[in-house]
Amino acid sequence: MINFSNFISEETPPKANAMINTFRAFGYNLQTAIADIIDNSISAKADNIWINYAWEGEKSWVTILDDGFGMNHSSLVNAMTPGSKDPNDERDENDLGRFGLGLKTSSFSQCKVLTVASKTEGYAVLKRCWNLDFVNQTGKWSLLDYISDESYLEKLSEMKSGTLVLWQNLDRLVGNSIKENEAARIVFLEEFALVEEHLALVFHRYLQKKKLKLFINGILVQPWDPFMKEENGGQLICTEGPDSSNVTIKCYVLPHISNIDVEVRKKAKTDDWYKLQGFYIYRNERLLLYGDWLGLFPKNEHYKNARILIDIPNKLDHLWKIDIKKATATPSISIRKDLVRLGKMTRLAAANIYRFRGNQIMLDDSITSFDFQSVWKASKLRDGSVKYYINQDHPIIAQALESENISKNDLKGILNLIGNTTPVESIIQNYSENPESLELRSDNNVLEEGTILLAKLMFDSLLQSGISNDFALKQIFHIQPFNEYPQLIEYLK
């Protein structure tokens, strides 16, 4: 073992202005930054967290106040010191931090003035402030005992204990906007609407279990469970664990959208289901990563109802490679095998919902074992693609074909029937499972007798109306599906 203490060494501390500006580029957005602050409040055993914000142009501000156990002088200074925590240190099982950077990096990503005030039971309020402009000006790690307005401390002073985080000079969010800038104000408010949605999802298990209350400008944040357990929506198809490492995995398949109440549908964000499919990784019940297949599978339309819940303890952060923002995770090779197996099973169960809803069997014209007559039929071609066509044996279609004359209202009814029964889900599923079929079809434009007959009828009708032969041809080839068959010109002479 080499004794390095025998060698000449030099201290090379990072330059304050260079390092503190680097902290601003960690890639947080407003939602993830505020969530990171809340993690500290949860670690401090807070029961209530109050997030407040005010639009005042470039003087806009954000406060995050909790009723946790607070910090004494040394704890406060330590919390404001970058890299104050060794990620390899053993932590309390409920601790949601790891690197000792979250408070600083998340805050600096949004503001240039960060003030933290804290109070422990029986003691007065303490405060410390980072002003990035001052650090850039002096080039020193100058942590200030300063707050711009003592009124921010009023509520904290009345509490038994707690911590206040104050963001000012929100240059990344509002820049130099004046208070009267309505467009900037709207963007500001929209960002906080996204914050509410994000917190309702990320901390939904804390909120559902009444472990925590979150308020935004005085309004209680309601939890949103992506597995829809309270609505009896998500079907639990498999549970594994907890294993020796205390990891639990639960596989869910959500119901088809048509089986969800309209009001529940709005809350469930069904418009985003395609993006929300995948693994949901929780650490100590805090959602870290969601709507991601972790590079193990591609996202696909008919797997959008598949969601897999993974619970991990904080002692496994290194195995899952949890990043500073708590926004990405990479499972180890030993874990991936199980995730692939469970992912395949869950995706198959999710796909079965769409296979049923798409009425694949009922559409397949090669199956004649039952008498059900659908408006549309599907025929698989030799190249693997699927052709959809109107079923002439359907009673309404058959009756129209046998009729000598069809009234305008009857024709409208038939067209509505065809439009309303278009097998959209079946088409989406077939294309998702066999995307190359679309390209294959384009090379297989077989000109059918019915298409030729219809084109001839329209062509003759145009000529009888008095227009020229060339103009009639041009009109025909501007109509779908005739434009797909240039060889029709041989029949239109």
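Selection of the range 197-215 for residues being within 15 Å of the chain's Cα centre (by Cα) and either aliphatic (A, V, I, L, M) or not assigned by TED's automatic domain parsing to the domain that holds G68 (or both) yields L199, A200, L201, V202. When the strands (runs of 3 or more DSSP E) confined to the range 231-312 are screened for residues that are basic (K, R) and either touching a residue at least 40 places away in the same chain (Cβ under 8 Å) or out of contact with any helix residue (DSSP H, G or I) (no Cβ under 7 Å at 6 or more places or on another chain) (or both), those reaching at least 1 such residues are found at 248-253, 278-283, 286-292, 306-312. Right, N416: assigned to a helix (DSSP H, G or I), surrounded by 10 or more Cβ atoms within 10 Å (Cβ to Cβ), under 39 Å from the mean Cα position of the chain (by Cα) and modelled with pLDDT of 80 or more or not? Against the criterion (assigned to a helix (DSSP H, G or I), surrounded by 10 or more Cβ atoms within 10 Å (Cβ to Cβ), under 39 Å from the mean Cα position of the chain (by Cα) and modelled with pLDDT of 80 or more), N416 qualifies. Within the range 20-74, the set of residues being of a type in the set (F, W, Y) and either in contact with a Pro (Cβ under 6 Å, 6 or more places away or on another chain) or free of Cβ contacts under 8 Å to residues at least 24 places away in the same chain (or both) is empty.
Only residues that are of a type in the set (D, E) and under 44 Å from the mean Cα position of the chain (by Cα) were counted in the range 468-487, giving 1. One residue is enough: does the range 140-156 have a residue meeting the conditions under 21 Å from L76 (Cβ atoms), among the aromatic types (F, W, Y) and in a loop (DSSP other than H, G, I, E, B)? Looking for residues that are under 21 Å from L76 (Cβ atoms), among the aromatic types (F, W, Y) and in a loop (DSSP other than H, G, I, E, B), one finds at least one in the range 140-156, hence yes. Of the residues making up the range 159-189, those that are within 25 Å of the chain's Cα centre (by Cα), assigned to a loop (DSSP other than H, G, I, E, B) and crowded, with 18+ Cβ neighbours inside 10 Å are L173, V174. Could you check the range 1-25 and list, in sequence order, the residues that are within 19 Å of D133 (Cα to Cα) and of a type in the set (A, V, I, L, M, F, W, C)? Selection gives A16, A18, M19, I20, F23, A25.
The values are calculated or read from the model by the stated rules, or taken from the named source; none is laboratory data. These numbers were taken from a predicted model, which means no experiment stands behind them. Cβ atoms come from the backbone with ideal geometry, glycine included; neighbour counts cover every protein chain shown.
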